[in-house]
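A short worksheet on the structure shown next.
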Amino acid sequence: MDDCEALELLLTGLCESQTSNPDDAQRLLDLLAYLPLAIKQASAYMAKEQVSISTYLEDFEAGQDNILELLNEDFSDPHRYIGVQNPVAKTWLISFQHIAKRSPLAAEYLKFMSFLAAKDIPEFLLPPARTMEIRKAVGTLKGYAFITQLAGQESFDMHRLVRLATQMWLKKNGQLEKYAKSATQRLDEKFPYPIIDNKDMWTKCLPHVQAALEFRVPNTIPESKLSFKVALCLMFLGHCRGAENQARIAVESCERLLGKESPDTILSLHVLEKTLSSQGKFQETERIQRHSVKIRERVEGPGSPNTILSTIFLAETLRHQWKHRAAEELERRTVEVSDRFMGPRHPITLLSMRGLATALFHQGKFAEAEKMYREMLMIQELEQGPEHPFTLLGVENLAIALCRQGKYTEAEQMYRKTLKIHEREKGPEHPFTFLSIQGLASALHRQEKFAEAEQMYRKTFEIQKRVQGPDHPHTLSSLRGLAAVLLRLGKVAELEWILSGS
């Protein structure tokens, strides 16, 4: 920042009587090292308190060396702010001390906000007070240039050095842990349990919760709950590694505070399982799931819905590791227990049946898998309706089992049924629609109905290439099917043209 720009920024909002001594203005700019943030804070203070540059300069040069030295021990950024920490610390301290005397709520808000992310801080996160008091406190912080309000929004930005100065002041005054606990408590109250319907809310809060959790306030329920909810949010967003880290913190905290068999601990373990499974860490997932199943059996009993679901998830993990025989044995017991305690039509019973059918299918026991799929499908059509997504999934699972046994005619009929519904309900470019077309094309291909199979493969390949991209596994699957049909039809030239990527 050059001399003219710095002077213009310093004089912003000041009247003539405050700026009568140009030498003092130049001296103050030199002391502020021409740092925009320091100049802005000094100017905001003088405008707010109606003091002259000369008076502010006296306060600034007097300083409070003991406090400033403490602040400056950690108030540094070797990559960006070399040699300019002291001006910011001084302007911050002068303004903060004045605010603390005149507006305690504004000072409290500044301390609270220093634990949040520096950008886009929602006003609704601030600790509660009467509306007029909130407006006044926020106005004070804006007036002293500690925060800036985003245009047309009830949210604020705080400069990273203001945030750091506030944190350092709390640290040197022995208040950092106290306010960190207070911040996590408030965030736990406002941060919702994440679901799709409130995604806008939790995505706005998420960076501030993550910032607060960096201060680690161990042995507190709010920290445990926040870590759990952050893990769920990150799972929603596909950030599995970050979700795993937060889930581990939640598990450790719950075990320490509530015990290894508390419902919250078991729930945190379940989230950790999901994060590990999503990353393909199936061995550790299996170990944790076996532990969870034992706890649930002991605490809730073998017939509780949670115990049965945990067992189903364990069997799924076994299948991911190609341990299909072990999965089959586990699923058979699960189907039996679920049928006895919850009845043959309960959704959990159907889920366990689907797991058993899948384990049978992957062992080549297609006839038994078909029988299981048919039994499930009959119940699903009665309980959920013929067009329910789970019913349609059951139809397609049965169709796959039929194809593996050479029953292509019946499989074709089933794929035509699901395709008609998916096109009507989901549209022609939905992944479910693609999979139905692929299944139908494969069944037609196997029956040597090459012309219609070509038409189906070509249709889905062109849409998938545009929607999912040319390298997507489903797109490549359609391309392989189309290539095989073209080869059987003797369309070698077109086959070469397609495979060349033209």
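We did not get these values from a lab; they are worked out from the coordinates using the rules stated. All values reported here derive from a predicted model rather than from experimental measurement. Note: ideal-geometry Cβ built from the backbone for every residue, glycine included; neighbour counts use all protein chains shown.
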Pairs from K111/K190; K229/K426; K136/K204; K229/K260 whose Cα-Cα separation, in the structure shown, is over 22 Å: K229/K426; K136/K204
Cα gyration tensor of the range 384-501, axes a ≥ b ≥ c as square roots of the eigenvalues: rounded (a/c below 1.5), prolate (a/b > b/c) or oblate? oblate
Plugging the Cβ-Cβ distance of H430 and E336 into 1/(1 + (r/R0)^6) at R0 = 60 Å yields, to the nearest 0.05, a FRET efficiency of 0.95
With 10 angstrom as the radius, rank R130, R163, R480, R296 by how many other C-beta atoms surround their C-beta, starting from the fewest. R130, R480, R163, R296
Least to most buried among W322, W92 (fewest other Cβ within 10 Å first): W322, W92
Looking at L419, L499, S478, which one has the Cα that reaches farthest to the positive end of the dipole of the range 366-502 (charges on Cβ: Lys, Arg +1; Asp, Glu -1)? L499
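What pairs from K371/K407; K274/K420; K365/K449; K119/K274 go past 25 Å between their alpha carbons? Each step should come with its number before you reach the end.
Numbers: K371/K407 14 Å; K274/K420 34 Å; K365/K449 27 Å; K119/K274 31 Å.
Pairs exceeding the cut-off: K274/K420; K365/K449; K119/K274.
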Grab the beta carbon distance between R287 and F215, set R0 = 35 Å, and tell me the FRET efficiency rounded to 0.05. 0.65
Which value, in debye to the nearest 20, describes the size of the charge dipole of the range 354-502 about its Cα centre when Lys and Arg Cβ atoms bear +1, Asp and Glu Cβ atoms bear -1, and nothing else is charged? 220 debye
Under 5 Å between amide H atoms, partner at least 5 residues away or on a different chain: which partners does S262 have, H built in plane at 1.01 Å? none
Quick query: amide H of I147 versus all other amide H atoms, modeled in the peptide plane; which residues come in under 5 Å with a sequence gap of 5 or more or a different chain? K142
If you average the alpha carbon positions of the range 437-477 and of the range 102-141, how far apart do those two centres end up, in angstrom? 58 Å
In the set (i) 22, 55, 22, 1, 0; (ii) 18, 35, 26, 18, 3; (iii) 17, 46, 33, 4, 0, which value of P(r) over Cα pairs in 20 Å bins from 0, in percent was calculated from the structure you see? (ii)
How many angstrom lie between the Cα centre of the range 289-362 and the Cα centre of the range 368-418? 21 Å
Once you sort the root eigenvalues of the Cα gyration tensor of the range 1-62 as a ≥ b ≥ c, which label holds: rounded (a/c under 1.5), prolate (a/b larger than b/c) or oblate (the other case)? rounded
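Can you sort D59, D23, D120 from fewest to most other Cβ atoms within 10 Å of each residue's own Cβ?
The most exposed by this proxy come first: D23, D120, D59.
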Quick one: grab the alpha carbon gyration tensor of the range 211-309, order the square roots of its eigenvalues as a ≥ b ≥ c, and give me rounded if a/c is under 1.5, else prolate or oblate depending on whether a/b is larger than b/c. oblate
